[in-house]
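Following: one structure in structure tokens, then a few remarks.
The values are calculated or read from the model by the stated rules, or taken from the named source; none is laboratory data. Keep in mind it's a predicted model, so treat the numbers as computed, not measured. Positions of Cβ are generated from backbone atoms using ideal geometry, with glycine treated the same way; all protein chains shown enter the neighbour counts. We work out accessible area using only protein heavy atoms, side chains counted, and drop any ligands, DNA or RNA first. Shrake-Rupley method; radii C 1.70, N 1.55, O 1.52, S 1.80 Å.
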Amino acid sequence: MAASPLRAGVRYYVSASGRTGGPLTRVPWMGGGDYIFEDGAWRPVDPRPHIP
């Protein structure tokens, strides 16, 4: 099954993990966040809802 293309105006959650590349210590790391593609660029989105 082919991957679906990303769409503008849709919020995506991106996550990644791995290990650092040091020769003596390889420390695990994790990161991620919400992003949206608008006006030709990716920008981070605060995952918490906006409360006025």
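Descriptive notes on the structure:
- Taking each residue of the range 13-30 that is open to solvent by 100 Å² or more (accessible area, probe 1.4 Å) and looking for partners that are part of a loop (DSSP other than H, G, I, E, B) with beta-carbon atoms closer than 7 Å, six or more apart or interchain, yields R19/R26; R19/V27; R26/T20; W29/T20.
- Meets criteria (in a loop (DSSP other than H, G, I, E, B) and not β-branched (V, I, T)) for A16: no
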